[in-house]
Amino acid sequence: MVRRGGLVSLVLVAALVTAAPAAQRLPPLSFEDQEGRALSLAALRGGVVVIVYGTRDAIDDSIAWGRRLAAERPATAPPPAEILAVAQIGGVPAPFHGVVRAAVRQRMPASFSLWLDWDDRLGAIFGRHQSLPTVVVVDRDGDVRLVVVGRSDGASWDAVIELLRRLR
């Protein structure tokens, strides 16, 4: 017998772990990092791509996703799998982009790129989830296979890892 609280939890998990429609493709977006380097998502086709994005409210959980995925990466998806961290920072006027990049540069290791989504385009496509990070898994053909909202544990984590293992 499923208790009412358990049923609510199951419904919530089902709502947050969503298989992407088969026809959805990774959009042809471009981002820049804290150094001003550009990245086109189209250039990543041919490899499995995991995008973790969110707002400042989701930064700690987004970092947890990135660290855990990086630690698990050899067991889940060999290179050329890419794990991208993207910050949704829409609404920052263009004259202040340099200030934001400088602030990010001070907080990031030199070898790490935080891709800056100045227009919140990922949120417009896959959803804005304020205090929770969103993870998008894309296969080698550029098809979006999974969109997950939530922390890097439980059903969200299990869904991402299972898919990455299948995409190896």
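Of the helices (runs of 4 or more DSSP H) lying entirely inside region 55-142, those containing at least 1 residues that are among the hydroxyl-bearing types (Ser, Thr, Tyr) and crowded, with 17+ Cβ neighbours inside 10 Å span 59-76. None of GLY5, GLY47, GLY90 is at pLDDT 85 or above, of a type outside the set (A, V, I, L, M), more than 15 Å from the chain's Cα centre (by Cα) and under 22 Å from TRP157 (Cβ atoms) except GLY47.
Taking first residues from region 149-168 that are surrounded by fewer than 13 Cβ atoms within 10 Å (Cβ to Cβ) and partners that are not in a helix (DSSP H, G or I), the Cβ contacts under 6 Å between residues at least 6 apart in sequence or on separate chains come to ARG168/ALA77. Looking across region 26-44, the residues that are in a loop (DSSP other than H, G, I, E, B) and buried (at least 16 other Cβ atoms within 10 Å of the Cβ) come down to LEU26, LEU29, ASP33, GLN34.
The values are calculated or read from the model by the stated rules, or taken from the named source; none is laboratory data. Remember, predicted model here, so these are calculated numbers, not experimental data. Positions of Cβ are backbone-derived with ideal geometry, glycine not excepted, and every protein chain shown enters the neighbour counts.
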